[in-house]
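Colleague: Quick one: structure below, then a few questions.
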Amino acid sequence: DTLYLLSLIGTSPRAQLDLLFSHDGGDTFSSPLPATPPGAAIMARGQMFPVLRVAGGNAYALWEESRPQGPTAIYVARSADGRAFTRPANIVRNPQPDFRGFANLSQPVGKTLYAVWLDGRDAQRPQGTFDVYLARSDDQGATWGENIRVGVSGCPCCRPAVAADAQGNVYVAWRKVYPGDQRDL
């Protein structure tokens, strides 16, 4: 079995996200394989840390990146061979500079991946909350479809979760804020 490690080197705005792997239970690791472009402004604090998913010999890295001239981007890149990552694909389809973050990635089902995140693009949401958005990729993360709002009144400090099965069912969980500041999954 292979052990995978996603490592953040440096701090934003000059950070590097690297993948390392071990074939001997963690006694030794490979040389770092860069998942992000050099000097990326990776957001990695609290619930906004990068995510690694591994399946079928593919390693997927998801991270959030702040940009000085625009909204936070959420990227996914894939390594199929342990030697290089694909060009990162931005999941978000909204050019407005609203908050987005706390992204998460499903385990792949075949070539299909799902990503979820908290998003502030909708002005009609209750104050102090964010909506939960979902996007789908059918080509191992190379491109992403429309951003679909799947939940409202998401807790602003809790990362949503997403899972999918081989029958095409998608499951999204988040902490919702109810009237009176009651919070529940």
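Colleague: Could you run through the stretch 90-126 and say how many residues are in a strand (DSSP E or B) and open to solvent by less than 30 Å² (accessible area, probe 1.4 Å)? Working first, answer last.
Modeller: As a first pass, look at the stretch 90-126 and keep what is in a strand (DSSP E or B): 90, 100-105, 109, 112-119.
Next, only the ones that are open to solvent by less than 30 Å² (accessible area, probe 1.4 Å) stay: 100-105, 112-119.
Going through the stretch 90-126 one residue at a time, the tally reaches 14.
Colleague: Among what's in the stretch 136-147 and is open to solvent by less than 50 Å² (accessible area, probe 1.4 Å) and in contact (Cβ under 8 Å) with a residue 40 or more places away in the chain, pick the residue that is farthest from ARG93 (Cα to Cα). I'd like the intermediate steps shown before the answer.
Modeller: Within the stretch 136-147, the first condition is being open to solvent by less than 50 Å² (accessible area, probe 1.4 Å), and the residues that meet it are 137, 140-141, 144-145, 147.
Now restrict to residues that are in contact (Cβ under 8 Å) with a residue 40 or more places away in the chain: 137, 140-141, 144, 147.
Values: SER137: 13, GLN140: 18, GLY141: 15, TRP144: 9, ASN147: 6 Å.
Among those that are open to solvent by less than 50 Å² (accessible area, probe 1.4 Å) and in contact (Cβ under 8 Å) with a residue 40 or more places away in the chain, it is GLN140.
Colleague: Please find, among VAL150, VAL170, VAL162, the residue that is β-branched (Val, Ile, Thr), open to solvent by less than 30 Å² (accessible area, probe 1.4 Å) and more than 14 Å from ILE91 (Cα to Cα). Please lay out each step first, then the result.
Modeller: Numbers: VAL150 fails: open to solvent by less than 30 Å² (accessible area, probe 1.4 Å); VAL170 fails: open to solvent by less than 30 Å² (accessible area, probe 1.4 Å).
That would be VAL162, the only listed residue that is β-branched (Val, Ile, Thr), open to solvent by less than 30 Å² (accessible area, probe 1.4 Å) and more than 14 Å from ILE91 (Cα to Cα).
Colleague: If you don't mind, another one. Please give the number of the condition ASP27 fails out of (1) among the charged types (D, E, K, R); (2) at pLDDT 95 or above; (3) open to solvent by less than 40 Å² (accessible area, probe 1.4 Å).
Modeller: Here ASP27 clears every test but (3).
Colleague: Can you find even one residue in the stretch 166-173 that is assigned to a loop (DSSP other than H, G, I, E, B), of a type outside the set (A, V, I, L, M, F, W, C) and closer than 21 Å to ALA61 by Cα? Reasoning before the result, please.
Modeller: If we filter the stretch 166-173 for residues that are assigned to a loop (DSSP other than H, G, I, E, B), which is where we start, we get 166-169.
Still in the running and of a type outside the set (A, V, I, L, M, F, W, C): 167-169.
When the remaining residues are screened for being closer than 21 Å to ALA61 by Cα, the result is none.
No; the residues of the stretch 166-173 include none that is assigned to a loop (DSSP other than H, G, I, E, B), of a type outside the set (A, V, I, L, M, F, W, C) and closer than 21 Å to ALA61 by Cα.
Colleague: Listed residues ARG53, ARG87; which is out of contact with any Ser or Thr (no Cβ under 8 Å at 6 or more places or on another chain), charged (D, E, K, R) and open to solvent by 20 Å² or more (accessible area, probe 1.4 Å)? Let's see the steps before the verdict.
Modeller: Details: ARG53 fails: out of contact with any Ser or Thr (no Cβ under 8 Å at 6 or more places or on another chain).
None of the others qualify; the one that does is ARG87.
Colleague: Separate question: Among the numbered conditions (1) crowded, with 19+ Cβ neighbours inside 10 Å; (2) of a type in the set (Phe, Trp, Tyr); (3) under 16 Å from the mean Cα position of the chain (by Cα), tell me where PHE130 comes up short.
Modeller: Result: PHE130 fails condition (3) only.
Colleague: Taking the stretch 3-24 as the region of interest, how many residues are of a type in the set (A, V, I, L, M, F, W, C) and open to solvent by 70 Å² or more (accessible area, probe 1.4 Å)? Before the answer, list the steps.
Modeller: Within the stretch 3-24, the subset of a type in the set (A, V, I, L, M, F, W, C) is 3, 5-6, 8-9, 15, 17, 19-21.
Of the ones still in play, those that are also open to solvent by 70 Å² or more (accessible area, probe 1.4 Å) are 3, 5, 9.
Adding up the residues that qualify gives 3.
Colleague: Looking at ASN58, ASN104, can you tell me which residue is within 14 Å of the chain's Cα centre (by Cα) and within 27 Å of ALA173 (Cα to Cα)? Step through it out loud before you land on a result.
Modeller: Values: ASN58 fails: within 14 Å of the chain's Cα centre (by Cα).
One residue alone meets the criteria, ASN104.
Colleague: Let me ask something else. I need every pair where a residue in the stretch 83-102 that is at pLDDT 90 or above and hydrophobic (A, V, I, L, M, F, W, C) has its Cβ under 8 Å from the Cβ of a residue that is open to solvent by 50 Å² or more (accessible area, probe 1.4 Å) and assigned to a loop (DSSP other than H, G, I, E, B), sequence separation at least 6 or different chains.
Modeller: ALA89/ALA142; ALA89/THR143; PHE102/GLN47
Colleague: Another question, if that's okay. ILE74 versus (1) over 14 Å from the mean Cα position of the chain (by Cα); (2) at pLDDT 90 or above: which is the lone unmet condition?
Modeller: Just one mismatch for ILE74, condition (1).
Colleague: Can you name the residue in the stretch 107-127 that is among the small types (Gly, Ala, Ser) and either over 24 Å from ALA142 (Cβ atoms) or modelled with pLDDT under 90 (or both) and, of all such residues, is nearest to the chain's Cα centre (by Cα)? Lay out the reasoning, then the answer.
Modeller: Restricting attention to the stretch 107-127, the residues satisfying the condition of being among the small types (Gly, Ala, Ser) are 110, 115, 120, 123.
So of that shortlist, the ones also either over 24 Å from ALA142 (Cβ atoms) or modelled with pLDDT under 90 (or both) come out as 120, 123.
Numbers: GLY120: 16, ALA123: 23 Å.
So the residue we want is GLY120.
Colleague: Further question on the same structure: Filter the stretch 130-150 down to the residues that are outside any strand (DSSP E or B) and of a type in the set (D, E, K, R) and list them by number.
Modeller: Filtering the stretch 130-150 for residues outside any strand (DSSP E or B) gives 138-147.
Correct list: ASP138, ASP139, GLU146.
The values are calculated or read from the model by the stated rules, or taken from the named source; none is laboratory data. Please read these numbers as outputs of a predicted model, since none were measured by experiment. A quick note on method: Cβ atoms are made from the backbone with ideal geometry, for glycine too, and the neighbour counts reach across all protein chains shown. When the accessible area is computed, the model is the full protein with side chains, heavy atoms only, and any ligands, DNA or RNA have been set aside. Shrake-Rupley method; radii C 1.70, N 1.55, O 1.52, S 1.80 Å.
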